[in-house]
Amino acid sequence: MVKSLLFISLITLPCSAGTPAADIPEPTPPWLSFSLESRLRYEMRNEQGLDNSHALTLRARPGLQIGRDTGFSAFIQSEHTLALIDDYQVGTPQSARFDPYVPGNTVIGDPENNELNQLYLQYHSDSLLLRAGRQRLILDNASMIGNVGWRQNEQTLDAALVSYTSGPLTVQYAYANRVNRIFGNDATGAVQALEGDVHLLNAAWKIGKHSVHGYIYLMDFSEQQFARASNNTYGAFTDLNFDHGSYHLEVAAQNESGQQPDYTALYGHVNFSKKSGDYTFVTGVEYLEQDFVTPLATVHAFNGFADVFINDRLGLTGGPAQWNGLTDVYAGISTQAPYDIKLSATAHAFFDDELDDFYGWEIDAVAVKQIAENTKLIAKFAQFFANDDTAFANDVSQFSLQLDFTY
């Protein structure tokens, strides 16, 4: 009866005389906009010598923008991560500080956390972007500078950014004095944040379907425990797109910075992709000479989803490198399956930087289903088969299933 009365009142409301205009909700002002980035994920990780880990985590990032997309505006975003299944450990020298903490389990780097994720002021016009404050910064393909978007708590910078576009040319410069890492407020010191001086200069020139890019990244961190993360990197790459396929050709050189001893190291990445019918094929080689580090990269997107080499590539081991560099030879295939499911699989073979030592090989697979405009389901699997005669002697299996929603 109550439901019937409620329904009648709702359908007759527009016909009611004398309803004050103030009773009608006003639309949200155009200068005020809300956003939400949420993710529910189950993740399982198995590694030889450790107990299996299981995590079911829920992450939400509510945000508020004051101002329009052009002109002056302000943005604030918080970040909240909750462990619904907490049979894992975060895996840092401070693991016991985090919740959850299950000693002897494999590492899943998603601690429970509540923090300020982004807070900045900006000015944006057709050609100029000025931004100051805590912010997400992703440059190029995130192999050098990224937000570690795979983990629930993302990496941000306390920085000032200038980005200028004129025709085919885009130039960006950022200065940061703090890198907010993925471990949140329960961490301390350099596990929570890397402080120092970070200068990031990036330029891109579009030439028809092709582009040429250059970058200079100078990092001097004050934390002596992670001195290996300090570096000066100078690089360039080109993306070439032809009817027969696309090429990515990149080279970079790196030397010491801050408290680092003298060193020089090279980086290279060659990639070719080709679409044939319903399939896209890709093959490539990524090379990191010993001592080359990428401490601000989204490393999960490179060198296999099992993340076997992540600490050495980041340079955040707090001690000598485990590897003698890395040569990642990979090949993959992707296609659109029935029910609009995107499928991809990639095989990796990992060697040292002189091709003398074989670290192991890995198979990765991903399935993505766009459920609605703002909602998608992602399943991932990775299996690393180790060579027992190297520092990376443990097999690793990893599976995840996640639901992403954005508003």
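Of all residues in the range 240-263, which are part of a loop (DSSP other than H, G, I, E, B) and either over 22 Å from L201 (Cα atoms) or not small (G, A, S) (or both)? Spell out the reasoning first.
In the first step, residues of the range 240-263 are kept if they are part of a loop (DSSP other than H, G, I, E, B); the result is 243-244, 256-263.
Matches in the range 240-263: D243, H244, E256, Q259, Q260, P261, D262, Y263.
Residues that are surrounded by 10 or more Cβ atoms within 10 Å (Cβ to Cβ), acidic (D, E), modelled with pLDDT of 95 or more and touching a Gly at 6+ places or on another chain (Cβ under 6 Å) occur in the range 44-67; there is at least one. Here Q172 fulfils each of the conditions (1) more than 30 Å from S95 (Cβ to Cβ); (2) outside any strand (DSSP E or B) apart from (2).
Of all residues in the range 106-134, those that are within 18 Å of the chain's Cα centre (by Cα) and of a type in the set (K, R) total 1. Residue check: P320 meets all listed conditions (1) modelled with pLDDT under 95; (2) closer than 24 Å to R59 by Cα but one, namely (2). Restricting attention to the range 194-209, the residues being in contact with a Lys or Arg (Cβ under 6 Å, 6 or more places away or on another chain) and either surrounded by 23 or more Cβ atoms within 10 Å (Cβ to Cβ) or outside any strand (DSSP E or B) (or both) number 0. On the stretch given as the range 290-306, residues that are in contact with a helix residue (DSSP H, G or I) (Cβ under 8 Å, 6 or more places away or on another chain) and of a type in the set (G, A, S) total 1. Selection of the range 374-394 for residues being of a type outside the set (S, T, N, Q), surrounded by fewer than 18 Cβ atoms within 10 Å (Cβ to Cβ) and modelled with pLDDT of 95 or more yields K376, L377, I378, A379, F385.
For the residues V212, V285, the requirement of being free of Cβ contacts under 8 Å to residues at least 60 places away in the same chain and within 25 Å of D356 (Cα to Cα) singles out V285.
The residues of the range 81-104 that are in contact with a His (Cβ under 9 Å, 6 or more places away or on another chain) and surrounded by 18 or more Cβ atoms within 10 Å (Cβ to Cβ), listed by number, are D86, Y88. Filtering the range 343-353 for residues that are surrounded by fewer than 19 Cβ atoms within 10 Å (Cβ to Cβ), polar (S, T, N, Q) and under 20 Å from D278 (Cβ atoms) leaves a non-empty set.
Looking at T238, is it surrounded by fewer than 17 Cβ atoms within 10 Å (Cβ to Cβ), at pLDDT 95 or above and not aliphatic (A, V, I, L, M)? So that I can check it myself, show each step before the final result.
Working: surrounded by fewer than 17 Cβ atoms within 10 Å (Cβ to Cβ): yes; at pLDDT 95 or above: yes; not aliphatic (A, V, I, L, M): yes.
Considered against the rule, which asks whether it is surrounded by fewer than 17 Cβ atoms within 10 Å (Cβ to Cβ), at pLDDT 95 or above and not aliphatic (A, V, I, L, M), T238 comes out as yes.
Assessment of the range 314-337 against the conditions (in contact (Cβ under 8 Å) with a residue 40 or more places away in the chain, crowded, with 17+ Cβ neighbours inside 10 Å and in a helix (DSSP H, G or I)) yields at least one matching residue.
Here are V212, V191: which of them is part of a helix (DSSP H, G or I) and touching a Ser or Thr at 6+ places or on another chain (Cβ under 7 Å)?
Values: V212 fails: part of a helix (DSSP H, G or I).
Just one listed residue meets the conditions, V191.
The set of residues from the range 210-226 being surrounded by fewer than 19 Cβ atoms within 10 Å (Cβ to Cβ) and closer than 18 Å to D312 by Cβ comprises just one member, Q225. Being of a type in the set (G, A, S), at pLDDT 95 or above, under 21 Å from the mean Cα position of the chain (by Cα) and on the phi > 0 side of the Ramachandran plot, is that true of even one residue in the range 301-314? Scanning the range 301-314, I find at least one residue that is of a type in the set (G, A, S), at pLDDT 95 or above, under 21 Å from the mean Cα position of the chain (by Cα) and on the phi > 0 side of the Ramachandran plot, so the answer is yes.
The values are calculated or read from the model by the stated rules, or taken from the named source; none is laboratory data. Everything numeric here is computed off the predicted structure, so don't read it as measured data. When we count neighbours, we look across all protein chains shown, and the Cβ atoms used for this are built from the backbone with ideal geometry, even at glycine.
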